[in-house]
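The values are calculated or read from the model by the stated rules, or taken from the named source; none is laboratory data. None of the values given here were measured: they were computed from a predicted structure. With ideal geometry, Cβ positions are generated from the backbone for all residues, glycine too; neighbour counts draw on all protein chains shown. Accessible surface is based on the protein model in full, side chains and every heavy atom, while ligands, DNA and RNA are left aside. Shrake-Rupley method; radii C 1.70, N 1.55, O 1.52, S 1.80 Å.
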Amino acid sequence: MSALLRQIPANIPQDIRKIRIENSHLTELPRGSFENVSALEYLWLNFNNITVMHIKSLEYLPALKELRLQGNKLSSVPWTAFQDTPTLKILDLKHNRLDVLPEHALRYLPNLTYLDLSSNQLTIISRDVFYNWPVYQRSQRMEGPLEAISNAVLALHDNPWICDCRLRGFVQFIKSVGPPIILMNSYLTCSGPKFRTGKFFHEVELNSCTKPLTSALDTNLTVPAGFNITLTCFVQASPSPAVWWTYALKLLRAFNVSTEPISEDTVRSELLIPAARPADAGNYTCTAANFLGNTSVAIHLRVVAPWASTTPRGWAPAAAAEPGAHVEVRIAKQTVYGITLEWFAAAAAAAEPGETWYTLLVGRYDAAQKDIIYIGPGVNTYSVTDLLPATKYEVCVAVRNQAPRKGQCVVFVTGSDVSQMEQREKLIHIVVIVCAMVLAVPAGMYACTAEALPGCLARCPSACPR
């Protein structure tokens, strides 16, 4: 007791019938631990730090009747090891970390009269674990008085049982079990899901498991640009499925997704798109999966301009712009994530600032088409984030759907990335460049606009290594 033993002693007398080593520092039961003590009948190894039990650790113990491993750190047990202990009657495994019992677990324990699996981490278990137990099979074949067969005590309480469809067969077994199998504590309780937490097994009725079935109230949606839109899908499944969304812009723009149960076998998943832009248009797929399979539903989103216009979709030609409608653009802030633009409308465009809509073109400089973002009245800043490293970008601001004029665009290059993407936010720097020239410059910013003074134009190239 409380000795500093780290392994089973090798000099145990051969005729020893009982070994008790408790509160020591044993961490494993290796193969052949008891090779020289074949007469052993009682083995108590409680309250050690045993985490590993070799499949042949009980070899040479044909006479073993009692094995107690309470209070160790076993997360699994090699159940086939009990083929070497055919006379075992008592097996105590309480207060360990067992989280699974395979269907064959009790097959090699034909003479067991006491099995304690309480206070472990068991959540889901098949009824076949016990249907395959020779003790149970004998009790079902038994005809005549029950006194002719020995009782078997079974302890399964204080485990975090998840009472969903996967536990249905086990719950039915617990409800029907009777002598000669006796439950030490018949009031087994559910630890999940949330709406069943604390309920006793005899209070719940569990349904059969079902493959997910996904649906949506509307699979074709149209929203004005600049407005928020929520895509919703419903999933019926048991057990509760994993749900995720896929869409074309997933690598560039991440949306908030929330999934919550609305009934015992139905969950609702919502994807929120703030300030929808035309680039957000497309198919959004909601997929759900559990161990029985997966299914999905697609929702098509269309994003249209928020104002009525007789002009074709897209940008109107420069000649169609209002006389004097001009937007001054500048970089208000530079961060490791990107830049923040600030603009103000001059002349006619500023006559009614409370009613003026702005349109932003955002994308790679050489891209044929750029993302179009509609900004509502009263807003004069926008942050361009989630940028790729070592890439040349252009951002333009115009009134309504007019074409951007000279001086209403900002061109910049992001810094180079290195090896690990998780360091990206520390490495990206923004360089604003002149007249669409690609300049490789040190970390920092040379703020030169397309309408810069000649002095600025002269300084920028001279300040760069290439």
| query | Just going by the charge dipole of the range 104-242, with Lys and Arg at +1 and Asp and Glu at -1 on Cβ, which of F130, L154, I174 is farthest out on the positive end? | reply | F130
| note | Sorted on mean Cβ neighbours within 10 Å (highest first), peptides 53-59, 256-262 come out as 53-59, 256-262
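How high is the FRET efficiency from I12 to T113, r the C-beta distance, R0 25 Å, rounded to 0.05?
Calculated transfer efficiency: 0.40.
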| If you take the Cα Rg of the range 210-304 and divide it by 2.2 N^0.38 Å, with N the number of residues, what do you get? | 1.08
| message | Applying a 10 Å radius around every beta-carbon, put 363-369, 46-52 in order of their mean neighbour count, most first. | response | 46-52, 363-369
| remark: Note to self: C-alpha centroids of the range 259-302 and the range 73-145 sit apart, in Å, by 43 Å
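Expressed as a whole percentage, what fraction of the accessible surface of the range 326-414 belongs to carbon and sulfur atoms when a 1.4 Å probe is rolled over the protein heavy atoms? If you can, show how the numbers build up before the last one.
Numbers: 2020 of 4030 Å².
Solvent-exposed carbon and sulfur of the range 326-414 make up 50 percent of the total.
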| query | So what's the range 102-216 giving for Rg/Rh, alpha carbon basis, Kirkwood Rh from the mean inverse pair distance? | reply | 1.02
| Any idea what the dipole of the range 326-414 comes to, in debye rounded to 20, about its Cα centre with Lys/Arg Cβ at +1 and Asp/Glu Cβ at -1? | 220 debye
| message | Among the listed pairs K18/K89; K73/K175; K73/K194; K175/K211, which have their C-alpha atoms separated by more than 19 angstrom in this model? | response | K73/K175; K73/K194; K175/K211
| In whole Hz, what ³J(HN,Hα) sequence does the range 280-287 give by Karplus (6.51, -1.76, 1.60; θ = phi - 60°), x for Gly and Pro? | 7, 5, x, 9, 10, 10, 9, 10
| request: Quick one: dipole size for the range 210-304, taken about the Cα centre, charges +1 on Lys/Arg Cβ and -1 on Asp/Glu Cβ, in debye to the nearest 20. | output: 340 debye
| note | Residue-ordered couplings for the range 178-190, obtained by feeding phi - 60° into the Karplus form 6.51 cos²θ - 1.76 cosθ + 1.60 and rounding to whole Hz (Gly and Pro as x), are x, x, x, 8, 10, 7, 4, 9, 7, 8, 6, 10, 8
| note | Among F234, A298, A216, the residue whose Cα sits farthest towards the positive end of the charge dipole of the range 210-304 (+1 at Cβ of Lys and Arg, -1 at Cβ of Asp and Glu, taken about the Cα centre) is A298
| message | Using each residue's phi in the range 72-83, evaluate 6.51 cos²θ - 1.76 cosθ + 1.60 at θ = phi - 60° and report the 3J(HN,Hα) Karplus result to the nearest Hz, with x for Gly and Pro. | response | 9, 10, 6, 9, 8, 10, x, 4, 5, 5, 7, 5
| Assigned charges on the beta-carbon of Lys, Arg, Asp, Glu; the range 60-168 dipole about Cα centre (debye) | 80 debye
| query | Using alpha-carbon pairs under 8 Å, 6+ residues apart, how would you state the relative contact order of the range 75-210 in percent? | reply | 21 percent
| query | Which order, highest average first, do 239-248, 188-197 follow once you tally other Cβ atoms within 10 Å for each residue and take the mean per peptide? | reply | 239-248, 188-197
| query | Check M184: other-chain or 5+ apart residues with amide H under 5 Å from its amide H, H built from backbone geometry? | reply | L154, A155, L156
